[in-house]
Structures are given as C-alpha cells and as structure tokens.
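Only the coordinates and a few stated rules stand behind these numbers; no lab work does. What you see is a predicted model, and the numbers here were worked out from it, not measured in a lab. Don't worry about glycine lacking a Cβ; one is built from the backbone with ideal geometry, like all the others, and counts go over all protein chains shown.
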Amino acid sequence: MPIAATEPQTPQRTLAPLRGVLPRSLKRRRRAVRIAKYALPILALALLSSIAAWPEISRTIERGRATWRDLTMVASNGAMKQPRYRGFDAQNQPYMISAASAVQDGTDRYNLTAPRGDLTMHNGTWLQVRSRAGVYVQKSDQLDLSDHVTLYRADGTILNTATATADMKQGVVTSSDYTHAEGPFGTLDAEGFTLVDRGGVVQFHGPAKLVLNAAH
C-alpha cells in the first residue's frame, strides 16, 4: 500500500482578543472627561474670584508690611540707624514711625532713640509727636514716648509733657503727666490729656488752668 508522504504542519496559534484593554482605556478617558467637566469651571471661578479680590489682598499686605529701612546701616552695637516704619491706620490713613536709631528687644519690640510719629489725614492736616526716647511695639502699633515729649498739631497747637503713649492704628495719644499746651487759643496747664480722632479732639484732664488769647 503506497504511503503518501505528508509534510508536518506547524500548529497555528489563535490569538485571543485583548478583552478589557480597550474598555479600560475608554473608561479612564471618560472618567478624566467627567472630572475635567466639573473641575475646569471650578478652577475658572476660583481664578476669577482671586483676580477680583487681588486689589483688597494687595492693600491688606501693604497695610501689614513692616518696612524698617536702612537695615544695612547697622552700628557696632547692633542698632539700626534711621529706621522708618510706614503703615495705615484703621481708617486707611497713612502714618510713619521713625527714629535716629533702634535696637530690637524681643520679637516685635524696639527701643528707640529720638522717636517720632507722624500721622497724616486725607484732607492734608497732620499730627506729629516726638521725644528723646521711646519704645515701639510692632504687633500693637503702639509707640511709648518718654523724656521731653512734644506733640505738634497742624493748627499750631503744641503740647509738652513727660511721657505719652500713641496708638498709631487708632490715631489716639494719651498722657497722665503734667501737660502744658499753647497755641492760637492761648495756654493751658493740665494733669494730662487724651487726644482722639488723630488730633481732631483733645480732652485735658483736670484740674486745669486755661488762659485765652484776647482774640478768643
């Protein structure tokens, strides 16, 4: 019986379909699209809100900025020469604290030589207080003055006393020491004073002695 020769056949492999790969990929894409659908409007809203709020944020940063200038001009004893601090009070009106020198004493306390506080109002009036020595507490914007305190007001009124405390943020200056005042009204001697409204009102503590000029 003839034997037919047959060629050995190479077994064929059937590749199984890549089930699940395409659906998973589509699922990830759909999830990303859904996330983007909600996230992008929220991000856009947040961006617009930050742009709208930036002017107020900028003003807040500026108000809270402590600018002690000339920090490179430090003497051998560690004192800062001619430092200046600019800020804004509760009514957004500017003020400045300066001194001949300052030595830091703690985190926000500075011992000052020849301190001076200047408050300026939007209508152009001003108030200045100075002394030979003082302490500035940065956190509370309080300037404690001692040794020949002199207060000048734009209308020509001058007050002299031994010590005084100036709240630069509120525009208030107070003293419980003997005070001599003179100006266009005449002269006044009192047991202290309270100045409010950035110099707009001065209340003298009694007993007090007032001598008016003839024109008043």
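Of note:
- When L119, L112 are screened for being of a type in the set (A, V, I, L, M, F, W, C), buried (at least 19 other Cβ atoms within 10 Å of the Cβ) and in contact (Cβ under 8 Å) with a residue 60 or more places away in the chain, only L119 passes.
- Against the numbered list (1) in a strand (DSSP E or B); (2) within 30 Å of A79 (Cβ to Cβ); (3) not β-branched (V, I, T), L188 comes up short only at (2).
- Among (1) over 15 Å from Y95 (Cα atoms); (2) under 20 Å from the mean Cα position of the chain (by Cα); (3) loosely packed, with under 15 Cβ neighbours inside 10 Å - the single one D147 does not satisfy: (2)
- Of residues in segment 164-216 being touching a His at 6+ places or on another chain (Cβ under 6 Å) and surrounded by 16 or more Cβ atoms within 10 Å (Cβ to Cβ), the one nearest to S131 (Cα to Cα): G192
- Residues that are in contact with a Gly (Cβ under 9 Å, 6 or more places away or on another chain), surrounded by fewer than 17 Cβ atoms within 10 Å (Cβ to Cβ) and of a type outside the set (D, E) within segment 153-163 comprise A154, G156, I158, listed in sequence order.
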